[in-house]
Amino acid sequence: MITLHHCPQTRSMRTLWLLNEMDVEFQLKLHAFDKSLRDPEYLSLSPAGRVPALEIDGERMFETGAITQYLCERYSPDRLGRPVDDPDRMAWLVWVHFAETISQHTAALTQQHVALREDHMRSPIVMKLEAARIAKCYDALEARLSTPVENRDYLLTSGFSAADISVGQAVYMSRYFVKLDQHPAVAEWYARIAARDSFAKSLPTEGGIYEQEFYPPWPIEKV
């Protein structure tokens, strides 16, 4: 049995979406996004007190990139993964792990807008910088998705894969801070993958981190 430890609207959604695409049985254990993730029992699963954590065959995994690679290699090496001799293997690895580049900037913005409780703790400069960094990530995706390659509906020429899941989940989160208005190819791709049943099954039914649909950077006051 596979057990996924999950908090809605966090990186663990990436693993949940992947599992929903696979023909495997798993159980979901929901956690609150709070200090309970620092309890010794949970730290035995994820030493940094973060989600996701995955229990499988008596072993424990954390870090979404590693989990994605393992699950694909074991359960879906050709459809969601790409084997080592596949021409798209290199691109698959690049984009699976590029998701974390986006997520680290989204995490910084989540801290600024949501986690920090007092306004004096927040920095409009950090908000603007991190939003600009996400826009740069969108630029990289736009260049990839707008390249005139036949059948480039997804990140890989060979079709939908866990790379789209990993980056798609990261974009799902980053859209709370940076819109896709200036990146039409990314917007079309995101709409395409977000229409999948597996994506819908991965969305929170209640709760979640974000109370607003969008968090713009604060204006920087002139000194």
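Using mean Cβ contacts within 10 Å as the protection proxy, how do 104-110, 211-217 order, highest first? Walk me through the numbers on the way to the answer.
Numbers: 104-110: 20.3, 211-217: 12.1.
Ranking the peptides 104-110, 211-217 by packing returns 104-110, 211-217.
Eigenvalues of the Cα gyration tensor times 5, then square-rooted: what semi-axes does that give for segment 138-223, in whole angstrom, largest first?
Numbers: eigenvalues 139, 77, 14 Å².
The equivalent ellipsoid of segment 138-223 has semi-axes of 26, 20, 8 Å.
Once you charge only the Cβ atoms, +1 for Lys and Arg and -1 for Asp and Glu, what is the size of the charge dipole of the chain about its Cα centre, to the nearest 20 debye?
580 debye
Sort 51-61, 9-19 by packing, meaning the average of other beta carbons within 10 Å per residue, with the highest value first.
The most tightly packed comes first, giving 9-19, 51-61.
Among the complete DSSP H segments of the chain, which ones combine at least 20 Å of alpha-carbon extent along their axis with a mean Kyte-Doolittle hydropathy of -1.0 or more?
Length and hydropathy pass: 89-110, 124-145.
Run down the lysines and flag those whose C-alpha is under 16 Å from the C-alpha of K201, throwing out any fewer than 8 positions away in its chain.
K29
Per DSSP helix of 4 or more residues, -39500 (n - 2.57); summed, then divided by the residues of the chain. What does that give at 222 nm, rounded to the nearest 500?
It lands at -13500 deg cm²/dmol.
Give the separation of the Cα centroids, segment 1-72 to segment 168-214, in Å.
Computed from Cα coordinates, the inter-centre distance equals 20 Å.
What percent antiparallel are the DSSP beta bridges of segment 1-144, to the nearest 5? Provide the component values of the computation, followed by the final result.
Numbers: 8 of 13 bridges.
Beta bridges within segment 1-144, antiparallel portion: roughly 60 percent.
Please give the per residue accessible area of the chain, computed with a probe of 1.4 Å over protein heavy atoms only, in Å².
53 Å²
Mind giving me the nanometre distance, one decimal, between the label points for D78 and V149, set 7 Å out from Cα along Cα→Cβ?
Modelled inter-label distance: 2.1 nm.
Of I125, I134, I193, which has the largest mean-square fluctuation in a 10 Å C-alpha GNM of the chain?
Per the Cα network of the chain with a 10 Å cutoff, I125 tops the list.
The values are calculated or read from the model by the stated rules, or taken from the named source; none is laboratory data. Here the structure is a predicted model, which means the values were calculated and not measured. Heads up, the Cβs are rebuilt from the backbone with ideal geometry, glycines too, and the neighbour counts pull from every protein chain shown. Calculation scope for accessible area: heavy atoms of the full protein, side chains included, ligands and nucleic acids excluded. Shrake-Rupley method; radii C 1.70, N 1.55, O 1.52, S 1.80 Å.
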